[in-house]
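Worksheet for the structure shown next.
The values are calculated or read from the model by the stated rules, or taken from the named source; none is laboratory data. Note that this is a predicted model, so its numbers are computed, not measured. Glycine gets a Cβ as well: all are built from the backbone with ideal geometry, and neighbour counts include every protein chain shown. Ligands, DNA and RNA are excluded from the accessible area calculation, which covers all protein heavy atoms including side chains. Shrake-Rupley method; radii C 1.70, N 1.55, O 1.52, S 1.80 Å.
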There are 2 protein chains.
Amino acid sequence: MAPKYSNLDLVDQVDGFPNAATHPVAFAERTADHARFMYLSHTVGLIIPRVLEALQDVALSGDWWEITPGVVRLLGDTVEERTKNMDETTRRWRKAKRFEVLSGWRDERYTIYAPKGAPCFYMERCATPLFGVVAYGSHMTVYIPATPTTPLRIWVPRRAAGKATYPGMLDNTVAGGMGDGASPWECIIKEAAEEASLEGSYVRAHAKAVGFVSYFYVRHADAGGEAGLLQPEVEYCYDMIVKEPHEGGPVPKPFDGEVDEHILMDVDEVIENLGAGKFKPNCSAVLLDFFIRHGVLTAENEPDYLEIYSRLHRRLEFPTR
Amino acid sequence: MAPKYSNLDLVDQVDGFPNAATHPVAFAERTADHARFMYLSHTVGLIIPRVLEALQDVALSGDWWEITPGVVRLLGDTVEERTKNMDETTRRWRKAKRFEVLSGWRDERYTIYAPKGAPCFYMERCATPLFGVVAYGSHMTVYIPATPTTPLRIWVPRRAAGKATYPGMLDNTVAGGMGDGASPWECIIKEAAEEASLEGSYVRAHAKAVGFVSYFYVRHADAGGEAGLLQPEVEYCYDMIVKEPHEGGPVPKPFDGEVDEHILMDVDEVIENLGAGKFKPNCSAVLLDFFIRHGVLTAENEPDYLEIYSRLHRRLEFPTR
């Protein structure tokens, strides 16, 4: 049976915003009514019309924003001042129930970067897609390598049916957003314990940094909140080889209720589930990257090889960590 | 001792052309006097002023080119006609010694692609940088993994002192350009035999496809021919694990005279040679990609991690295979 989605379709789902270098006309058309979120001479985010409108209302009531045609600036001379002005803005919207996405408020601070990796300001995690600023996370693929008699197998969690975002979908073995101050490596150690009950000392000894995926995500409704919000994203990737459970290999187990179960899935079953759209979109991206790095997808068996892999390492249009 | 070149410097050396998405002003300034090489509504290459001038001379003497302000088109309704017109042009220049780069004529046909991976026309390999069209190759890193007592080691060839391009520089274990009709995999098998005396059956059983690097190279003088020619490039990457020579692992040996010797180099020595600028530029790119995929370079020890890895997977502005 032909898959519902090709691998390139899966990339389109996670990298849905036109690229100015390869599709200048589509980019110009798409951004014509967007405002650039600028800091000094750098664009740190992109603001869609309905958020711009809400910002114009806010700008009337406080000295927090400077809005000129096509350009929005967060006022404040220091990181602290800018952080405070952003905080006032997003809390006001939250109280007024202006944006559904803010109902996911977590009191978790994300860092928005100025060029050269310096923090520009901090803001509430769930509000970042209102401003089209870059978000970060760490994802890990825990797997048992192929042997002459058994295929490559991957530990795949199923998200809890009651989770607010992407309920019931398949996920990467370990994955989580990266809050203020954490490093990608510390983030993956923490998430491995929280999401999969994998011991810190074990993960430190066996996990391996293997790059990242980056893309410009246009949020779907099942991300939680309004559809169409902008979320450029970097997910640091880790691989971890484990042994068979009967040989003493660790077995990921749900810990914090966000995951229903962990399934040890043959590579063919993972591919089938990808094609059926069963994986959370950015987890598909991490798996496609894994399959390319491990020779499962090759230039010979995947017609869109070049486009898939280069789009999954998109050079984001904004300053990053 | 601080290295002469940072890893980001090495990326700059191989990806020297401004990116329209992240540096629109630099891109616009740089391309203001360039002509787009168009096929239907697609840009397949980029032509610098001195080549444009030579094309204008050619256009006077044959019905091969249509030149309008900022846009150049190769005439011909079929792949064969376009190939013939390109061939007439480049042979004429070669005969007139118009471009030094054409003294490296190899009678080796490269494929230039239209969108959707269909061939647009074929042309002589050494002439491709005159037209800023995408070139392809395959590179393989042959290595002995780290053990608790020995570091990761890589087989590194030194190019022959008499080679026309990058004489005496260090290289990837196996590397070669991909001519018309070859697949990346067939290319690496062939080059492994020709450059390193590695047997086809062994390579087929042990080499693993691991992605590619892509970048927009502005040629240095030591590439052979004029400096400043444009060469967007895709290098398919392969890894191959081998055993120690004393355990029966294959030892790469010079075969066709293009390589002087193969050195089994500790990872630290490879890093030192990279920093000293001893590697051929696109071989540095392949090694940086290898180091990121293998956790040698990480988000924690490499400040330019994100920029390095995304630029090494540049989404080229042209149709590709």
A:Ile67 label points, 7 Å along Cα→Cβ, one per copy: pairwise distances from this copy to the rest in nm, shortest first? 5.2
Test of understanding: given chain A, find the longest segment containing no chymotrypsin sites (Phe, Trp or Tyr not before Pro) that are in a DSSP loop and have at most 14 other Cβ atoms within 10 Å. A:106-254
Residues of type lysines that B:Lys278 reaches as a straight line, Cα spacing below 20 Å, ignoring anything fewer than 8 places off in the same chain: B:Lys4, B:Lys163
Using a Gaussian network model of chain B whose springs link C-alpha atoms within less than 10 Å, name the residue from B:Glu53, B:Glu300, B:Glu29 with the highest mean-square fluctuation. B:Glu300
A chain fully extended from A:Ser183 to A:Ile241 at 0.36 nm per residue, minus the present Cα-Cα distance, gains in nm 18.7 nm
Which one of A:Leu230, B:Ile292, A:Met140 has its Cα pushed farthest toward the positive end of the charge dipole of the protein assembly as shown, where Lys and Arg give +1 and Asp and Glu give -1 at the Cβ? A:Leu230
Karplus 3J(HN,Hα) series, Hz, for the stretch A:263-269 with 6.51 cos²θ - 1.76 cosθ + 1.60 (x for Gly, Pro): 10, 8, 10, 4, 3, 5, 6
From highest to lowest solvent-accessible area (probe 1.4 Å; ligands, DNA and RNA excluded), A:His139, B:His294, A:His42 read A:His42, B:His294, A:His139
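When Lys and Arg each count +1 and Asp and Glu each count -1, what net charge do the other residues less than 13 Å away from B:Gly224, Cβ to Cβ, add up to?
On the way: positive: B:Arg106, B:Arg125, B:Arg159, B:Lys163, B:Arg219, B:Lys280; negative: B:Glu100, B:Asp222, B:Glu226.
Here the charged neighbours net out to +3.
Shape of the stretch A:101-189 from its Cα gyration tensor (a ≥ b ≥ c, root eigenvalues): rounded if a/c is under 1.5, otherwise prolate when a/b > b/c, or oblate?
On the way: a/c = 3.30, a/b = 1.67, b/c = 1.97.
Verdict is oblate for the stretch A:101-189.
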Nm distances between the label at B:Glu261 and the same-position labels in the remaining copies, 7 Å along Cα→Cβ, shortest first? 6.0
Simple spin-label estimate for B:His42 and B:Lys163 in nanometres, 7 Å along Cα-Cβ: 3.2
Label-point separation (nm) for A:Asp12 and A:Ala205, each offset 7 Å from Cα along Cα-to-Cβ? 4.7
Efficiency by 1/(1 + (r/R0)^6): what FRET value for B:Asp304 and A:Glu269, r their Cβ-Cβ distance, R0 = 41 Å, to the nearest 0.05? 0.60
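May I ask for the net charge around B:Trp64, where only other residues with Cβ less than 14 Å from the Cβ of B:Trp64 are counted and Lys, Arg are +1 while Asp, Glu are -1? Let's see the in-between values first.
On the way: positive: B:Arg73, B:Arg82, B:Lys84, B:Arg91, B:Arg92; negative: B:Asp57, B:Asp63, B:Glu66, B:Asp77, B:Glu80, B:Glu81, B:Asp87, B:Glu88.
Every neighbour counted, the sum reads -3.
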Just to be sure I understand: with springs between alpha-carbon atoms less than 10 Å apart, which residue in A:Val11, A:Val133, A:Val203 has the highest mean-square fluctuation in the Gaussian network model of chain A? A:Val203
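In percent, what relative contact order does chain B have, based on Cα pairs under 8 Å that are 6 or more apart in sequence?
The normalised contact order for chain B reaches 22 percent.
How would the stretch A:221-305 be classified by its alpha-carbon gyration tensor: rounded, prolate or oblate, with rounded meaning a/c under 1.5 and the a/b versus b/c comparison settling the rest?
Values: a/c = 1.91, a/b = 1.13, b/c = 1.70.
Note, shape of the stretch A:221-305 comes out oblate.
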Taking the alpha-carbon centre of each part, the distance from the stretch A:256-321 to the stretch A:194-230 in Å is 12
Other copies of A:Lys84: label-to-label distances in nm, shortest first, labels 7 Å along the beta-carbon direction: 7.7
Amide H neighbours of A:Gly249 under 5 Å, at least 5 residues apart or on other chains, H built in the peptide plane: list them. A:Lys243, A:Glu244
Test item: Cα-centred dipole of the stretch B:191-321, Lys/Arg +1 and Asp/Glu -1 on Cβ, debye: 580
I'm checking a number: the convex hull volume of the Cα atoms of the protein assembly as shown, normalised per residue, in Å³. What is it? 169
Gyration tensor on Cα atoms of chain A, a ≥ b ≥ c root eigenvalues, a/c under 1.5 rounded, else prolate if a/b beats b/c, else oblate, says prolate
Show that you can apply the helix-only estimate: for chain B, add -39,500 (n - 2.57) for every DSSP H stretch of four or more residues, divide by all residues, and state [θ] at 222 nm to the nearest 500. -9000 deg cm²/dmol
